[in-house]
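So the structure is just underneath, and the comments pick up after that.
The values are calculated or read from the model by the stated rules, or taken from the named source; none is laboratory data. As the structure is a computational prediction, the values presented were derived from the model and not from experiment. Ideal geometry is used to build each Cβ from the backbone, glycine not excepted, and the neighbour counts take in all protein chains shown.
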Amino acid sequence: MVETVKLIGAFGSGFTHRAEAALRLKGVPYELILEDLGNKSELLLQHNPVHKLVPVLLHGDRAVCESLVILEYVDEAFDGPPLLPTDPYERSEARFWAQFIDQKAHWLGVFEEIGGVAPLLTDEEYPSLCQWAKRYVAEEAVKQCLPKREELVAMYSAFKEMLQAMATSHK
Ligand SMILES: N[C@@H](CCC(=O)N[C@@H](CS)C(=O)NCC(=O)O)C(=O)O
């Protein structure tokens, strides 16, 4: 029996994107269930009682939490092109950069724009990482589940305004 794959996530969440991109790169069909993080569902709370965060991968009746853990689970549980290298050292490097980058490739530019700060990830300082980021966002499977930059800017700008309003009202 083929077990269904569902991903509990949230729009604009880089961690959700990471899990979704893993499923797409691996060629695993899945259903995306979008959470309202201001009003978390029973489904999310039941399957991630420890952190209560998205993403959560549901594979049949099993739940996998934490985006990097999901990524490795997807790589090991399903057939398809490998996501991580086979060589242990190269795997450790991939894990190191996965932790470091945490989807900054696409999201960092958005935060720079909203925060009005100078670019944090520059070609001069991180040439290999910038090259990788460009290749990553150009990948067809990734493009299909990458939120549009304008939508991320709109969402995080609204979030920033909400935080500013809260800070002002607490003065
Ligand atoms: N370390 C976690 C981080 C997940 C995370 O921070 N998820 C955010 C959305 S991007 C969330 O669920 N936020 C809801 C909350 O903080 O209550 C992972 O890699 O999966």
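At a glance:
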| item | result |
| --- | --- |
| Odd one out for V28, checked against (1) within 12 Å of the ligand (Cβ to nearest atom); (2) surrounded by fewer than 19 Cβ atoms within 10 Å (Cβ to Cβ) | (1) |
| Index of the failed condition, S67 passing every other in (1) within 16 Å of the ligand (Cβ to nearest atom); (2) among the hydroxyl-bearing types (S, T, Y); (3) farther than 20 Å from V28 by Cβ | (3) |
| Top-ranked residue in region 41-70 [being among the aliphatic types (A, V, I, L, M) and free of Cβ contacts under 8 Å to residues at least 24 places away in the same chain; ranked as surrounded by the fewest Cβ atoms within 10 Å (Cβ to Cβ)] | V50 |
| Test result for K6, under 17 Å from the mean Cα position of the chain (by Cα) and more than 16 Å from the ligand (Cβ to nearest atom) | no |
| Pairs where the first residue, in region 74-99, is within 11 Å of L23 (Cα to Cα) and in contact (Cβ under 8 Å) with a residue 24 or more places away in the chain and the second is of a type in the set (A, V, I, L, M, F, W, C) and part of a loop (DSSP other than H, G, I, E, B), C-beta under 6 Å, 6+ apart | D75/L83; D75/L84; F78/V28 |
| Residue match in region 132-150 (condition: outside any helix (DSSP H, G or I), modelled with pLDDT of 95 or more and within 21 Å of G38 (Cα to Cα)) | no |
| Test: residue in region 66-76 that is within 19 Å of E35 (Cβ to Cβ), in a loop (DSSP other than H, G, I, E, B) and of a type outside the set (S, T, N, Q) | yes |
